Amino acid sequence: MRKEEDFNEWYIDAVEKAGLSDKRYPVKGMNVWTAYGWKIMRLIDEFIRRELDATGHDEVCFPLLIPETEFKKEKDHIKGFDSEVYWVTHAGLNELDVRLVLRPTSETAMYPMFALWVRSHQDLPLKVYQIVNTFRYETKQTRAFMRVREIHFFESHTCHETEEDAQRQIEEDVEILDRIAARLCLPYSLLKRTDWDKFPGAHYTVGIDTVMPNGRTLQIGSVHHYRTNFSVPYGISYESEGGEHVPVHQTTYGMSERLLGAVIGVHADDAGLVLPPDIAPFQIVVIPIFSKDNAARVGEAAKALAGSLSAAGFRVKLDDRDVRPGSKFFDWEIKGVPLRLELGGRDLDGGVVTFARRDDGSKGTIGLADAPSGARLLLDSISASMLEKAKAAQASRIADAPGGEVPDDRVARIGWCGCEECGRRFEEERDLKILGTPFRPERFEGACAVCGKPANAAYAARTM
RNA sequence: GGGCCCGUGGGGUAGCUUGGUAUCCUUGUAGCUUGGGGUGCUAUUGACUCCGGUUCAAAUCCGGACGGGCCCA
């Protein structure tokens, strides 16, 4: 399957062959995380935990079910979600008085509790997060990790005294994003969504997008500033030093398993997955190359090599299966193992071990005695070059098109005056979505692609 | 909301028009062989979505249900 020719088919094929998920589970859009895929997701989650813990967030876990009465407190929010939530209407044989929703996101589960938790300015800022599954009734075509009905994600929710404090939180979220994206070797862009596309109930939304090889964008996460839009209806307020009751300013931040979908889409190739070393369940696979007369010697040496690499902290797989080496190479390429070490009689005689990099296919040797330090250098180099290559690819998929004449497989930087009428007209006429305006201001000289008035930059694309 | 298409071993498929023993590839299992890029050989497990109708006989024809996919608004 060729990545360039049919991205969708290629993607499904790559996920299937690598054994990341099993889509045969008998509910559409609800796939089984199989062991290899879940290992990757757990590694991603670990980075998220580490970053959020380090920035003063506390991990919590809220119930999955939300009473309809709480769910409906914020009008825009319910309007945005009611066509895509699952309802629990019965318990045992009884119909429920108050129906329950399976959380599509947890604002309405958390905020009644926040109202109890926050009392004084000394309780602020309140910063919590959870890593859970969430449910949305997708009606479009579902696709592993990219569009599913049960979504694995993290969501952080914060409460602050002032709008400025909340704004600073958003800056912190962006810094966290940058560190996580670097580990996943993912380029991204930050775009302030249009008013008609922001999160239901938000003051504004910053979308985190990455561009797939077919030129379509995939939203991998978002950061929202709520102002007091939720704290007022939910009664989350604090008593200031002056004794007044003041509603808190809130933000949220979330990213999902789409991170994994993006990694696959951006990095994998026609031979299978290419995993960034930081999230590879196995960073190194050691393959002994036997011949009839040296099986014992090579086997021992390979075991020792794998042992020394494990002891040095790498995630290592020793593949001593009784099959031909070529077949092993093939298997681990599909699974995206970043670094392959081959150890045979020739290597042993020379005191070296042969390596092959998954990202660029290059081969060479490193010293057997100091294999851990050699492997460290190689893995670092793989991470760096994967990120660099992905950034260059993403940049090449963004085209300047001030008037809106956009090649099919590109994201366009257009001119937009900012008014909703022009925006919606542009989307309809060009069959594109306006992703938003740059979160970090960009220099732009041009006119609105619709009305011709002075304009700022906006980005438009087809989405996955 | 409107329209179209498709359900065959674990995965991918042929067969359906013209009703009669279900094809091939892959995977799994057992054995031998092999070993620096998918070894080869042999044996073997495994399937017509469901319900009803027509018929001596249904994967095949008809109706419905369920499931899946696509397009348009």
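Bear in mind these aren't lab numbers, they're just calculated from the coordinates by the rules spelled out. Bear in mind the structure is a predicted one, so any value in this text is a computation, not a measurement. Heads up, the Cβs are rebuilt from the backbone with ideal geometry, glycines too, and the neighbour counts pull from every protein chain shown.
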Under 17 Å Cα-Cα from A:Lys17, which aspartates and glutamates qualify once same-chain neighbours fewer than 8 residues away are excluded?
A:Asp6, A:Glu9, A:Asp269, A:Asp270, A:Asp331, A:Glu333
Give me A:Glu241, A:Glu342 sorted ascending by neighbouring Cβ count inside 10 Å, so fewest comes first.
A:Glu241, A:Glu342
For A:Thr162 and A:Cys61, FRET efficiency with R0 = 22 Å and r from the beta-carbon atoms, rounded to 0.05?
0.15
So if I take the centroid of the Cα atoms in region A:270-292 and the same for region A:86-113, what is the distance between those two points in Å?
45
In nm, give the distance between the simple-model label positions of A:Arg425 and A:Asp270, each being 7 Å from the Cα along the Cα-to-Cβ direction.
4.5
Restricting the calculation to Cα positions, tell me the Rg (one decimal) and the Dmax (whole number) of region A:398-461 in Å.
10.2, 28
A 27 angstrom limit on the alpha carbon distance is what I want to check against. Which of A:Lys140/A:Lys328; A:Lys28/A:Lys79; A:Lys3/A:Lys433; A:Lys39/A:Lys303; A:Lys3/A:Lys140; A:Lys363/A:Lys389 exceed it?
A:Lys140/A:Lys328
Stretchable slack from A:Ala295 to A:Asp82, in nm (0.36 nm times residue separation minus alpha-carbon distance)
70.3 nm
With angles folded into 0 to 90 degrees, how steeply does helix A:371-396 sit against the dominant principal axis of chain A? Use alpha carbons for both and round to 10.
50
If one compares the long axis through the Cα atoms of helix A:325-334 with the longest principal axis of the Cα atoms of chain A, the angle in degrees, nearest 10, works out at 10
Prolate/oblate/rounded label for region A:7-267 (Cα gyration tensor, a/c 1.5):
oblate
Distance between modelled label sites at A:Ile12 and A:Leu377, nm, 7 Å Cα→Cβ extension
4.5
Hey, what angle do you get for helix A:258-267 against the long axis of chain A, alpha-carbon based, 0 to 90 degrees rounded to 10?
50
When every alpha-carbon pair in chain A is counted, what percent end up more than 33 Å apart?
45
Please sort A:375-385, A:78-88 by packing, taking for each peptide the average over its residues of neighbouring beta carbons within 10 angstrom, highest first.
A:375-385, A:78-88
Under 12 Å from A:Lys198, Cα to Cα: aspartates and glutamates that are on another chain or at least 8 residues apart:
A:Asp76
Potential extension, A:Val32-A:Ala115 segment - 0.36 nm per residue separation minus Cα distance
26.2 nm
